[in-house]
Amino acid sequence: TTVHWHAHPVSALMFSSDGSHLASGGQEGVLVMWQLSNLASSSSRSFLPRLGAPIQAILPSPKDPALLAVSLEDNRWLVVNTAELRIQTQVRGLMPACLEDSS
């Protein structure tokens, strides 16, 4: 089965732990949740739009299967509640540690 929604390149995919859903995201800055058992129906997709930046990565929560961590290109991480399809919290401005000048 081939399905389509994203108009721009997809940069992140993640299957749910039970294999029933697929999360996808990319340049549109929209998180799409796919219900894999019903791909032929338009109701197989739900959307969390207007995240504000392209999606770089989607990671599962190790403790709660309803939560996802979503990395955005503008240096933000979102915690998304997939049961309610809403942003639960966000973290801004994570910066990598700078290497000290060894000279």
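The values are calculated or read from the model by the stated rules, or taken from the named source; none is laboratory data. The structure presented is a predicted model; accordingly, all values stated were derived computationally and were not measured. Quick reminder, even Gly has a Cβ in these numbers, built from the backbone with ideal geometry, and neighbours come from all protein chains shown. In case anyone asks, the SASA skips ligands and DNA or RNA and just uses the protein heavy atoms, side chains included. Shrake-Rupley method; radii C 1.70, N 1.55, O 1.52, S 1.80 Å.
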### Check on G52, touching an Asp or Glu at 6+ places or on another chain (Cβ under 9 Å) and either closer than 24 Å to G93 by Cα or of a type in the set (S, T, N, Q) (or both)
yes
### Query
Residue check: is I87 of a type in the set (A, V, I, L, M), modelled with pLDDT of 95 or more and either open to solvent by less than 40 Å² (accessible area, probe 1.4 Å) or touching a His at 6+ places or on another chain (Cβ under 8 Å) (or both)?
no
### Query
Of everything in region 30-49 that's closer than 17 Å to Q88 by Cα and part of a loop (DSSP other than H, G, I, E, B), which residue is least open to solvent (accessible area, probe 1.4 Å)?
V30
